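Below is one structure, written out as structure tokens; comments come after it.
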Amino acid sequence: MPTQPLSQKEIEDRLRELPGWSVESDHLIRTYRLGDHFAATALVVHVAQIQQELDHHSDLTLGYNTVAVSVNTHSAGGAVTELDFRLAERVEGIAPGHGAN
């Protein structure tokens, strides 16, 4: 069963539960700051593991001490779906353990 796009109200309601996340150009996004490049790289690896578990993959951009996450659901026409929020929630759950803020 394909994942359905969320309405604007559903997105706004879900964003209230995820401080630091926003929607830009039909992508759910967040940038994390970390202590150094090694910590940022470790976060990317951990996020990649979560993506494999969910079989849902975001775009990750690794900087010296930053990691940017950008996701939408291609099978829903590039819209934001519940699956994107599940990924974001999982990332939020592990990010503090890497020292991300």
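The values are calculated or read from the model by the stated rules, or taken from the named source; none is laboratory data. Just so we're clear, the structure is a prediction, and the values are computed from it rather than from any experiment. Don't worry about glycine lacking a Cβ; one is built from the backbone with ideal geometry, like all the others, and counts go over all protein chains shown. Please note that ligands, DNA and RNA were not included when accessible areas were found on the heavy atoms of the full protein model with its side chains. Shrake-Rupley method; radii C 1.70, N 1.55, O 1.52, S 1.80 Å.
Give me the distance in nm between label points sitting 7 Å out from Cα along the Cα-to-Cβ direction at GLN49 and SER70, one decimal.
2.7
Let a ≥ b ≥ c be the square roots of the eigenvalues of the Cα gyration tensor of region 55-101; is it rounded (a/c under 1.5), or, if not, prolate (a/b larger than b/c) or oblate? Provide the component values of the computation, followed by the final result.
Working: a/c = 3.30, a/b = 1.70, b/c = 1.94.
Verdict is oblate for region 55-101.
Would you calculate a helix-derived [θ] at 222 nm for the chain, using -39,500 (n - 2.57) for each DSSP H run of n ≥ 4 and dividing by the full residue count, to the nearest 500?
Values: 3 runs with 39 residues, N = 101.
Rounded to the nearest 500, the figure is -12000 deg cm²/dmol.
Just check the chain against the gyration tensor rule for me: Cα atoms, a ≥ b ≥ c as the square roots of the eigenvalues, rounded for a/c under 1.5, and otherwise prolate or oblate depending on whether a/b exceeds b/c. Working shown, then result.
Details: a/c = 2.11, a/b = 1.67, b/c = 1.26.
It comes out prolate by the Cα gyration axes.
Give me the percent of the accessible area of the chain that comes from carbon and sulfur atoms, probe 1.4 Å, all protein chains in place. Display every interim value, and only then the final one.
Numbers: 2960 of 5680 Å².
It is 52 percent, rounded to a whole number.
How charged is the neighbourhood of ILE50? Take every other residue with its Cβ under 15 Å from the Cβ of ILE50, and add Lys/Arg as +1 and Asp/Glu as -1.
Values: positive: ARG30, ARG86, ARG90; negative: GLU53, ASP55, ASP59, ASP84, GLU89, GLU92.
That works out to -3.
Kindly state, to the nearest 0.05, the FRET efficiency for GLN4 paired with ASP26, given R0 = 22 Å and r defined as their beta-carbon distance.
Values: r = 14 Å, r/R0 = 0.65.
The calculated FRET efficiency here is 0.95.
What order do VAL45, VAL69 take when sorted by accessible area (1.4 Å probe), most exposed first?
Details: VAL45 95, VAL69 5 Å².
The ranking, largest first, comes out as VAL45, VAL69.
When the dipole is taken about the Cα centre of the chain, and only Lys, Arg (+1) and Asp, Glu (-1) are charged at their Cβ, what size is it in debye, to the nearest 20?
Result for the chain is approximately 200 debye, rounded to the nearest 20.
Over the chain, average the accessible area per residue using a 1.4 Å probe and give it in Å², no decimals. Walk me through the numbers on the way to the answer.
Working: 5680 Å² over 101 residues.
Here the residues of the chain average 56 Å² of exposed surface.
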